[in-house]
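Chemist: Quick one: the structure is below, questions incoming.
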Amino acid sequence: VDHTEVAQRALRALGEEDNPTPLALRLDHQIHHILVDEFQDTSHGQFELLSRLSAEWSQQDRERSLFLVGDPMQSIYRFRHAEVGLFIKAIEDGLGGHALEYRQLSANFRSESGLVEWVNQRFSRMFPLRSDRFSGAIHYAPSIATRGATTTRAVTLHPALIDDRESEAREVVALVQRSLSERQSAEDKVAILVRSRTH
């Protein structure tokens with residue numbers, strides 16, 4: 001069986017909402033905490049499974065917790081039936097009959113302020129103004145840099161107007177060599193990000 005079939009069998013094993021199986025009732029007493037990472041890539045089947053697992057939980061029960069973590073702007077698995085609209089649905093309607101307390105994080109600890117500001121300016125224009133769970137549209141949520149600028153120019157573009165891979169490779173090598181010669185210390189590193197390993 002594949003992952004989808006495993007999830008479907010788990011869902012069937014719990015029974016229906018109004019007619020839970022003995023397994024569902026037993027799990028209701030055993031499961032106290034559910035943590036889901038990468039929640040933006042949840043499918044309808046997974047969403048239903050989470051709803052059923054937490055359906056009998058009381059809103060006043062402080063000994064149980066449902067913690068969902070994700071970034072809808074990073075949803076890339078639609079080909080695996082992930083529906084980013086479910087992320088918005090959970091925020092607006094809750095999950096399994098439970099209202100959720102939503103927190104939007106904005107601090108960026110990874111990148112210097114120049115890069116964060118550049119990305120905020122460009123991507124805020126590319127994303128839709130409002131999120132829409134039915135179409136899967138996600139609005140851009142800007143980040144706030146926690147690290148100061150490390151250079152006067154955080155981003156420099158080198159457009160390749162013609163598809164010439166040899167020329168592109170020579171340009172990348174020249175940029176890396178220039179960067180290595182300008183290093184402030186041996187600790188400085190150069191990283192090259194590509195679409196996949198074969199590139």
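Chemist: May I ask you to list the residues in segment 157-199 that are among the small types (Gly, Ala, Ser) and farther than 21 Å from residue 118 by Cβ? Steps first, please.
Modeler: Of segment 157-199, the ones among the small types (Gly, Ala, Ser) are 160, 167, 169, 174, 179, 181, 185-186, 191, 196.
Hits for segment 157-199 are 167, 169, 174, 181, 185, 186, 196.
Chemist: Out of 54, 75, which single residue is surrounded by 12 or more Cβ atoms within 10 Å (Cβ to Cβ), among the polar types (S, T, N, Q) and within 15 Å of residue 137 (Cα to Cα)?
Modeler: Sole residue among the options that is surrounded by 12 or more Cβ atoms within 10 Å (Cβ to Cβ), among the polar types (S, T, N, Q) and within 15 Å of residue 137 (Cα to Cα): 75.
Chemist: Now, a different point. If you take the residues in segment 84-101 that are closer than 23 Å to residue 28 by Cβ and either among the aliphatic types (A, V, I, L, M) or touching a Pro at 6+ places or on another chain (Cβ under 7 Å) (or both), which one is modelled with the lowest pLDDT?
Modeler: The selected residue is 99.
Chemist: Helices (runs of 4 or more DSSP H) wholly in segment 1-99 with at least 1 residues that are of a type in the set (Phe, Trp, Tyr) and farther than 21 Å from residue 128 by Cβ - which ones? Show your work before the answer.
Modeler: On the way: elements: 3-13, 22-30, 44-54, 85-93.
Those helices (runs of 4 or more DSSP H) span 44-54.
Chemist: If you take the residues in segment 55-98 that are without any contact (Cβ under 8 Å) to a residue 24 or more places away in the chain and within 23 Å of residue 33 (Cα to Cα), which one is nearest to the chain's Cα centre (by Cα)?
Modeler: At the first step, the residues of segment 55-98 found to be without any contact (Cβ under 8 Å) to a residue 24 or more places away in the chain are 58, 60-62, 79, 91, 93-94.
Next cut, within 23 Å of residue 33 (Cα to Cα) only: 58, 60-62, 91, 93-94.
Numbers: 58: 29, 60: 30, 61: 29, 62: 27, 91: 15, 93: 20, 94: 18 Å.
The extreme case among them is 91.
Chemist: Could you grab me the full set of residues in segment 133-178 that are exposed (fewer than 13 other Cβ atoms within 10 Å of the Cβ) and closer than 30 Å to residue 81 by Cβ?
Modeler: 134, 135, listed by residue number.
Chemist: Being open to solvent by less than 100 Å² (accessible area, probe 1.4 Å) and either out of contact with any helix residue (DSSP H, G or I) (no Cβ under 9 Å at 6 or more places or on another chain) or not charged (D, E, K, R) (or both) is the filter here; which residues of segment 184-199 pass it? Break it down into steps so the answer makes sense when it comes.
Modeler: Going residue by residue through segment 184-199, those that are open to solvent by less than 100 Å² (accessible area, probe 1.4 Å) are 185-186, 188, 190-191, 194, 196.
Those that are open to solvent by less than 100 Å² (accessible area, probe 1.4 Å) and either out of contact with any helix residue (DSSP H, G or I) (no Cβ under 9 Å at 6 or more places or on another chain) or not charged (D, E, K, R) (or both): 185, 186, 190, 191, 194, 196.
Chemist: I'm told residue 109 meets every condition in (1) surrounded by 11 or more Cβ atoms within 10 Å (Cβ to Cβ); (2) in contact with a Ser or Thr (Cβ under 8 Å, 6 or more places away or on another chain); (3) under 19 Å from residue 74 (Cβ atoms) except one. Can you identify the failing condition by its number?
Modeler: It is condition (1) that residue 109 fails.
Chemist: Restricting to segment 100-148, count the residues that are assigned to a strand (DSSP E or B) and hydrophobic (A, V, I, L, M, F, W, C).
Modeler: Initially, segment 100-148 is screened for residues assigned to a strand (DSSP E or B), giving 107-112, 132, 137, 144-147.
From the residues that got through so far, the ones that are hydrophobic (A, V, I, L, M, F, W, C) too are 107, 109, 137, 144-145.
Qualifying residue count for the region: 5.
Chemist: Now a separate question. Of all residues in segment 5-37, which are open to solvent by 80 Å² or more (accessible area, probe 1.4 Å), within 17 Å of residue 47 (Cα to Cα) and modelled with pLDDT under 80?
Modeler: 17
Chemist: Oh, and also: Select, from 83, 101, the only residue that is loosely packed, with under 14 Cβ neighbours inside 10 Å, within 27 Å of residue 65 (Cβ to Cβ), out of contact with any Cys (no Cβ under 7 Å at 6 or more places or on another chain) and not basic (Lys, Arg). Before you say what the answer is, go through the steps one by one.
Modeler: Numbers: 83 fails: loosely packed, with under 14 Cβ neighbours inside 10 Å.
None of the others qualify; the one that does is 101.
Chemist: Note down all Cβ pairs under 6 Å where the first residue falls in segment 136-156 and is closer than 30 Å to residue 90 by Cβ and of a type in the set (Ser, Thr, Tyr), the second is in a loop (DSSP other than H, G, I, E, B) and open to solvent by less than 50 Å² (accessible area, probe 1.4 Å), and they're at least six residues apart or on different chains.
Modeler: Pairs that qualify, where the first residue is closer than 30 Å to residue 90 by Cβ and of a type in the set (Ser, Thr, Tyr) and the partner is in a loop (DSSP other than H, G, I, E, B) and open to solvent by less than 50 Å² (accessible area, probe 1.4 Å), are 143/106.
Chemist: Additional query: Is it the case, given these coordinates, that residue 180 is free of Cβ contacts under 8 Å to residues at least 40 places away in the same chain, among the aliphatic types (A, V, I, L, M) and part of a loop (DSSP other than H, G, I, E, B)? Break it down into steps so the answer makes sense when it comes.
Modeler: Numbers: free of Cβ contacts under 8 Å to residues at least 40 places away in the same chain: yes; among the aliphatic types (A, V, I, L, M): yes; part of a loop (DSSP other than H, G, I, E, B): no.
For residue 180, the condition - free of Cβ contacts under 8 Å to residues at least 40 places away in the same chain, among the aliphatic types (A, V, I, L, M) and part of a loop (DSSP other than H, G, I, E, B) - is not met.
Chemist: Quick check on my filter: what residues within segment 163-179 are of a type in the set (A, V, I, L, M) and more than 33 Å from the chain's Cα centre (by Cα)? Full working, then the answer.
Modeler: If we filter segment 163-179 for residues that are of a type in the set (A, V, I, L, M), which is where we start, we get 169, 172-176.
174, the sole residue that qualifies.
The values are calculated or read from the model by the stated rules, or taken from the named source; none is laboratory data. The structure presented is a predicted model; accordingly, all values stated were derived computationally and were not measured. Ideal geometry is used to build each Cβ from the backbone, glycine not excepted, and the neighbour counts take in all protein chains shown. The protein model used for the area step is the full one, side chains on, heavy atoms only, and it has no ligands, DNA or RNA in it. Shrake-Rupley method; radii C 1.70, N 1.55, O 1.52, S 1.80 Å.
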